[in-house]
Structure formats: C-alpha cells, structure tokens
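Q: Attaching a single structure in structure tokens format; questions to follow.
The values are calculated or read from the model by the stated rules, or taken from the named source; none is laboratory data. What you see is a predicted model, and the numbers here were worked out from it, not measured in a lab. Positions of Cβ are generated from backbone atoms using ideal geometry, with glycine treated the same way; all protein chains shown enter the neighbour counts.
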Amino acid sequence: MLEFPTWKKIMLWAITLAFAAAAMPSLLGSAGLELGEDSSAPQINLGLDLAGGSHLLLEADPEEVALQRLENMEEAVKVALENSNPEIEYGDTSRSDGTLSFILDTPADIDRARGILEPLMMGEGLQREWDLTVIDGQRMVLTPTESGTAFALNTAMEGAVEVVRRRIDLLGTKEPTIIRQGDTRIVVQVPGLQDPQALKEQLGQTAQLEFKLVDQQALPTNTLAGIANPGSQIYPYATGSNFEGQFEAVKRLGGIRGDSLTGAQAGVDQRNNENIVSIQFDQQGGQKFAQLSTENVNERFAIILDGEVISAPVFNEPILGGAAQISGNFTAESANQLAISLQSGALPVPLTVIEERTVGPDLGAESIRSGLIAMIIGSIAVVTLMIATYGRFGVYATIALVFNVLILLGAMAIGNFTLTLPGIAGFVLTVGAAVDANVLINERIREERKRGRKVITAVENGYKEASRAIYDANITNFIAGALLFWFGSGPIRGFAVVLVIGLVTSVFTALTLTRMWVSGYLAGNRPKDINI
Amino acid sequence: MKLLKLVPQDTNIKFLKFRTPFFIFSLLLMVASWALVATMGLNYGVDFAGGQQIRATFTETAEAPVVELRETISALESVNDPVVQRFGEPNEVSIRVKLPPEAEGNPDFANQMTNSIVVALQDGYPDIRIDGVDSVGGKVAGEFRSDAVLALLAAMLMVALYIWIRFEWQFGVGALFALFHDVSVTLGMFALFQLEFSLQIIAAILAIIGYSLNDTIVVYDRVRENLKKYRKMPLPELLDLSVNETLARTVMTSLTLLVALVPLLMFGPSSLFGLVAAITAGLFIGTYSSVYLASPILIWLGVTSDSFVPQETEADIQEKKVLGQL
C-alpha cells in the first residue's frame, strides 16, 4: 500500500504537473497577463454569465412548416392540372386538418389526374411525402406522410440555422455559437453583445417576402369585414406603413415568393427622398417576376412581408431587369434591417424567442472578482483547520488541495469546458469537500495509533480502511453530479462540470498524491511516533 | 505541537437513546414541510414560473428609485405585481415580473414583455444600465419544472440503489429515507420563508444529496465493519458505538465545507447567494439526518450481523491479533 516504485512516482508527478501546467494560461490570463506566443494554448472558456453576452433559445412552430407545405402543394397541383392536356377541371379546394382536397369536375379524369399528381407525392428523397387517396369516386385527398412532414421540418430547421448564422454575421458580432437543439429549437449564444434587442428583432423577422396580385373584384366593405372572394385572402397593412389599420384582399395563388433574391440594399429614392430597399432576383425569380409584371400591366400587386402588406403599387410597365424597389414608409433603420434580413434570406420557418439570458460585461467581471476573494478566504480557512487538526498530515492535505485546484483548472482547459458563475461556487465546494478524504484517512490513522498499532501499520490501515468510504462517497456524489449535468443547461451545467471533475481530481490528489508523500516521509525518516 | 481535537476522543454519547422522539420529530418536520409546500407554495423564480428578471444599475443616481420604478412598470400593459427590489448596492435593482395567464399558448409573449419593459426603463431613466435579463417563456418554464422533479427523484433513487448494491437493502432504504428528509425539509424552508426558488436551488439540492450521503456512508461503513467485528453486540449499542467512533469525521468534514462556504455567502457574488445559502442549510440538515435518521432506521429495518456474509475479513484477523485471540 505504501510502496511507490520510482516509475510510479515519476508517472504521478508527470500527470500532476502536466495538468497544473495546462491551468497556467487560464490563470495568467485571468490575472491580466497575456502569454505572447503561447496564446494558442487551451484556456478555460468563460460562460456568458461571466463574460457577458446573450443566450437565446429560439423555437420554430412545426405547424407553420406544415402550412407552408400545404400551400406549396396547392400551387403545384394547380400548375400540374392546368397544364394537363386536355385540362383537368377541378374545384371545391379545401385545406383542413393538414390535408388538401378537391373535387374533379369529371369523375372520368380520376385516373389521369392520379397519374399526373403521383410524381408530386414523392419528395426529393426516395421517401413518399404525401399519400393520395380518392373518396366518393371524385374527391382527391392529399395527406402529408409522417416522414414527409419530419423531413420538411428538418430541412426547414437546417435552413433556419444557416439564415440565423448569416444574420448574426451581418450584424458583425464575434464568435457566435449557433446550435440546433432537438427537433424545433435553435440555441444562439453571442458573447459580449451590446444590444440584444437589435439581435432579437433581426432574428424575429422571418423576412418572407411575397408579391401577390390584388383582387380587383373585392368590395372594400367586404374586405374590411374580413370576407374574401373565393381564391382570395385578406392581409392587414403593416404597422408603420402608409395604410396602417387597413386591409387588402389579394389572390392567394399565382404570386411569387421572394426567397430567390441575390441581393438587397437599403437606399433612398432620389425622386421623393423616400427610404427604399432595392432587391435583385436570381435568374429564375427574375423571369417569373418579368412574366407576372408583363401579364398584369396596370394591375395592382401587394408586397407582403411576413403576412403584412408593406405597399400595393401598380405594375406601370413590365419589369424585366430582375431588380425591383420596395417602398413602404420605411425609416432608414427599418429599411436597413429589412435589407439585412432579405439579404440573409427568409427564415424557412418563423422563430420565436422562448428564453433569453443576457448578462452585461460589468456584472460578470464583478462576479469573478468577488467569487475569487471568497474562494481565497475559504481556502485559507480550510487549510488552517486542516493543519491545526492534523499537523504534518494537514500540510500534505494542503499541498494536495493546491494541486487539486490546479489540476481541476487544467482539466477544464484541456477539455475546453466552460466556467460559469455557479461553477465558481462549485470550485469553493470542491475545496471544502476535497479535504474530506484526508479527514477520513487521518482520523483512521489516529484511531489505529490509539489502538496501539505501529506507525507504518497505522498509516497503511488508515489509507486502506478509509478508501472504501471515500470511493463510495465520491461515486454517489458523481451520480448526483451526472444527473445535474443532464438536467442543467448553461450555468447549472457549468456547476455540474466543476463538481464532477473536482470529484475525480480530489480522489487523485487526496488519496494517491498524499499517500505518495506520506510514504516518502515514512521511508526517509522512519519515525517511531507521529503527531496526529 | 499540540494538535486541535474538536471532538474529544472516546465520546460515548447515547445518540440512539432518544431515537423514537427524534424520528417522530423528523416525520413531523417532513409532513409540515410538504404541508407548507402545498399550502403556501414555492416562490418560483422566472426559471420555473416564466416571466422576466431584469437587473439594472443606475449609473448616476446614488439610490435606485424603487417605488417609482414599481409604478412605471406596473403601468405597462399585462404586467401584474412586479417585484422591484434592491439587489446588491443601493443603486442596483432587480425587477421580477411573472407571466400573466394570458401568456398561455403564446410562445412569443415573454419576449414581447421583456422588450416592452426594457424599452420603458431605457426611455424613463437615461442613466440606467441593463446588467442582465432573464426571460423565460411558459413552455420552457414548464419543461424546467418537470425536468427538475425528474432529476431530484432520479438522483435519490440512483444513489439509494448504489448504497443497496454496496451494502444491504436496509442501508439503501435508510439512505433514501434520509435523503428524502433532507430534500423535503429544504423545500419546506423555501416554502416557509418564500425564498426565490430557481434552477440554482435545484443544483443546490442535488449537491446536498451528494454531501448528505457522505456522512451517511461514513457511518454505514463503520456500522458494517462493527457488525462483522462485534457479532454479539445489541444493535442499538453497536450503532451508538459506530456513530461515536465516526463523530470526529462527521464534524470535521461538515466543518471544512462550512468554513469554505461562509466566505462565499458573505463576500461572494449576490446572484450566488440563494445557491450557497441552500447548500449551507442543507449541510446542517444532512448532518442531522445522517446521525438521527439514517442510523436508527437500521434498527427498525432489522439489520443483523447476518446481513453480511459472516466471514473473517482481514480486519477481523487483525483485530483478533490485537486482542490477543490468535
């Protein structure tokens, strides 16, 4: 038990010093010292609650994705059936319970319609994304399959993560962390952010731009009462637009979506000094826009952003260049924000901020300072108590404690773990609990000596008999800590990390390192009696 | 050098003499705790109730206008009973607003509320500096609540299971009961004093579960050793002996933790106060339960020397050597 061959000593010291060395960059860094060339050495990350910054949890509504899919399918069905030859006539289109259904005018068309629509039911993958059924001989019902819906949601979320990343990059923030979490959530962490409000506004804007024809037949009174003609839909004007509080009836299908933009810039219209956003379509979008404007010259169309009408100008002439201007009583700020959102692309699904944690940079620095002071005072108290109670053996415990803190810091730096505010409390707890193992050992040695055992036997038994309880206690603590890690997020997880790593390091320092030192002392001095 | 001995050697305190009154007292304490939780409820912070907690500093005003702030924020739409308190220095405040019932089913509600409060603060007080915002939506808060219950139950059951495997089932049950007592009384205290109950407190309770067990394990380890050593000793006597023999350890381990925690309580960051205070209180509760609950319950559950396979361990042999029996 007390024999330490040289190779074992060298190995233990090597482990100890390697981890302690890994702690140095972080320690020196926190003291304000920069390590010139060695700045690439791993350092402990500071959590947002210490470094300052914003943590946002965004959630997408899967129903929005499903709704969008249904609308796309309706549009695709319309195009497919209208282009069939001879044209298949249908009506009574309805969307309910997430399914799309319509009645063919001639039941005889059913097989031909099935043949035309069947390819639409398969997605880009090889999975069936929609089920096509016929009821009562002429009503066709399109139901999204589970795997199709899941695939669409997944695609939308992957797209959303990309859009969020682009928008944050356009805001010029440093080192953001953007992680998909679960099926419908995205975690965004932005360190050192000055204005979380602007970020939230940027992320809250879906930036789904649509151009839809105004329903000229709609009666203003009906529109105001919320009654739309068949095939039309009523949209409100956006807050802050020229016609705020009014409504516009537009044709549901046949418009185009602005998700094929190549650029968007905020600017000022020279003629009337109005803030505008100029947009450029990609080739395909440009062609569609040209076609729409050519076919509908002198007709009004509505520019709809996220379900609200910005403005509803007239196509004075065909717009062929693939570029357009949007005006809608913008301020310079809102024009700029819209330009950024359009440039980074529309979010495939609207996101909502469901959790926000923002900490200013001053508060974090203050927390570190006061936490450090408390830890130093606490450590001095623990060390004093240990040395006063166990003398030489308390000194060993103290040195072990110092190494324990260093190894713990080093392990956190190597593992790239994050130190949070509760993590500081975890450090203090670790300091208080790490010496527990030494208490158990030393008390056992006292007991053994009292029973009249020789020094060597007493120490040997002390380590052996105490280690059982030490392992049991640390393993149960480890279980509680692991559950805390599973349960917690962010700051709490930082607490769990320190506790759990601290358990492992304290068993190493308090049990193994002190045993090595004690055995060295016993072998070197061969004391007849020890003061414990 | 004369070394400090906090606990005199060879104590012989009859801890178990009053085991029944103490046990009844503990049971009553647990019942009272749950009654308090049921009637008064826990004062959920934003983590569990949803809503906002905003911390702010007035950079050019010596004292934060707490009363005026309360009025400003109350005047906002759908804000009921904001809690505005000083937090730390006189020019620092914490503002807590819970989610109103109409937030149900609207995931964006919490965020909109945060925005309107922050804007109102910045418009009304030019020298205000927003130090921190915690805004939690209703759905997330609900998930935190169910996860917290799950984590606490799983922690208690899993450590009890471990003790069962390492010792005997009676010890597992005893440890579980002691832990349940610790968690109950901690919750009862939070209900009684209406202290803010947040995610940090769950972290504290999980830490308490760990540290409370440390003492229990030390006592149980000695009980097991003594059960093998003194086969004929009546159990109450043997338990008393075990608790007395390990008393110095129990006191020392709790004390080292206490002296480390107190400075953090006094000088540490104010936002850690709840966490540290809960662990400190749990330290006392846990030490009490290790001595007065975890041990006597072994008597009622009928632990005997035969609970452990009667075989001579090395400790036995050495003990006999010492006593000159071999």
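Q: Give the range A:422-445 a look and list any residue that's more than 8 Å from chain B (Cβ to nearest Cβ) and either under 44 Å from the mean Cα position of the chain (by Cα) or not hydrophobic (A, V, I, L, M, F, W, C) (or both), or say none.
A: Scanning the range A:422-445 gives A:423, A:426, A:427, A:430, A:434, A:437, A:438, A:442, A:444.
Q: Looking only at the range B:193-207, count every residue that is touching a residue at least 60 places away in the same chain (Cβ under 8 Å) and either in contact with a Pro (Cβ under 8 Å, 6 or more places away or on another chain) or at the interface with chain A (Cβ under 10 Å from one of its Cβ atoms) (or both) and tell me the total.
A: Going through the range B:193-207 one residue at a time, the tally reaches 7.
Q: Is the range B:278-286 home to any residue that is facing chain A (nearest Cβ under 7 Å), surrounded by 22 or more Cβ atoms within 10 Å (Cβ to Cβ) and either touching a strand residue (DSSP E or B) at 6+ places or on another chain (Cβ under 6 Å) or more than 18 Å from residue A:434 (Cβ to Cβ) (or both)?
A: Within the range B:278-286, none of the residues are facing chain A (nearest Cβ under 7 Å), surrounded by 22 or more Cβ atoms within 10 Å (Cβ to Cβ) and either touching a strand residue (DSSP E or B) at 6+ places or on another chain (Cβ under 6 Å) or more than 18 Å from residue A:434 (Cβ to Cβ) (or both).
Q: (1) crowded, with 24+ Cβ neighbours inside 10 Å; (2) more than 10 Å from every other protein chain (Cβ to nearest Cβ); (3) of a type in the set (Gly, Ala, Ser); (4) closer than 30 Å to residue B:202 by Cβ: which one isn't true of residue A:400, the others all being true?
A: (4) is the only condition that residue A:400 fails.
Q: Shifting gears a bit: Name every residue in the range A:201-220 that is crowded, with 19+ Cβ neighbours inside 10 Å, of a type in the set (D, E, K, R) and either outside any strand (DSSP E or B) or within 14 Å of chain B (Cβ to nearest Cβ) (or both), in order of residue number.
A: The answer is A:215, and nothing else.
Q: Look at residue A:185 and say whether it is surrounded by 19 or more Cβ atoms within 10 Å (Cβ to Cβ), among the charged types (D, E, K, R) and in contact with a Leu (Cβ under 7 Å, 6 or more places away or on another chain).
A: no
Q: Taking residue B:120 as the residue in question, decide whether it is more than 12 Å from every other protein chain (Cβ to nearest Cβ), within 30 Å of residue A:477 (Cβ to Cβ) and in contact with a Ser or Thr (Cβ under 9 Å, 6 or more places away or on another chain).
A: Spelling it out, it is not the case that residue B:120 is more than 12 Å from every other protein chain (Cβ to nearest Cβ), within 30 Å of residue A:477 (Cβ to Cβ) and in contact with a Ser or Thr (Cβ under 9 Å, 6 or more places away or on another chain).
Q: What number goes with the only condition from (1) buried (at least 24 other Cβ atoms within 10 Å of the Cβ); (2) in a loop (DSSP other than H, G, I, E, B) that residue A:495 does not pass?
A: The single condition residue A:495 does not satisfy is (2).
Q: Could you pull out the residue among A:152, A:160, A:198 that is out of contact with any Leu (no Cβ under 9 Å at 6 or more places or on another chain) and in a helix (DSSP H, G or I)?
A: None of the other options fit; the residue is A:152.
Q: Sticking with this structure for a sec: Of everything in the range B:8-45, what is modelled with pLDDT under 90, among the aliphatic types (A, V, I, L, M) and surrounded by 15 or more Cβ atoms within 10 Å (Cβ to Cβ)? Give them in sequence order.
A: Of everything in the range B:8-45, just one residue is modelled with pLDDT under 90, among the aliphatic types (A, V, I, L, M) and surrounded by 15 or more Cβ atoms within 10 Å (Cβ to Cβ), namely B:16.
Q: Scan the range A:238-247 and give yes if some residue there is part of a strand (DSSP E or B) and over 15 Å from residue A:307 (Cα atoms), otherwise no.
A: The answer is no; no qualifying residue exists.
Q: Quick one: which residue in A:307, A:286, A:267 is in contact with a Ser or Thr (Cβ under 9 Å, 6 or more places away or on another chain), closer than 27 Å to residue A:220 by Cβ and among the small types (Gly, Ala, Ser)?
A: Just one listed residue meets the conditions, A:307.
Q: A follow-up question, please. Could we say that residue B:190 is under 12 Å from the mean Cα position of the chain (by Cα), in contact (Cβ under 8 Å) with a residue 12 or more places away in the chain and more than 14 Å from chain A (Cβ to nearest Cβ) here?
A: On the way: under 12 Å from the mean Cα position of the chain (by Cα): yes; in contact (Cβ under 8 Å) with a residue 12 or more places away in the chain: yes; more than 14 Å from chain A (Cβ to nearest Cβ): yes.
Judged against the criteria, residue B:190 is a match.
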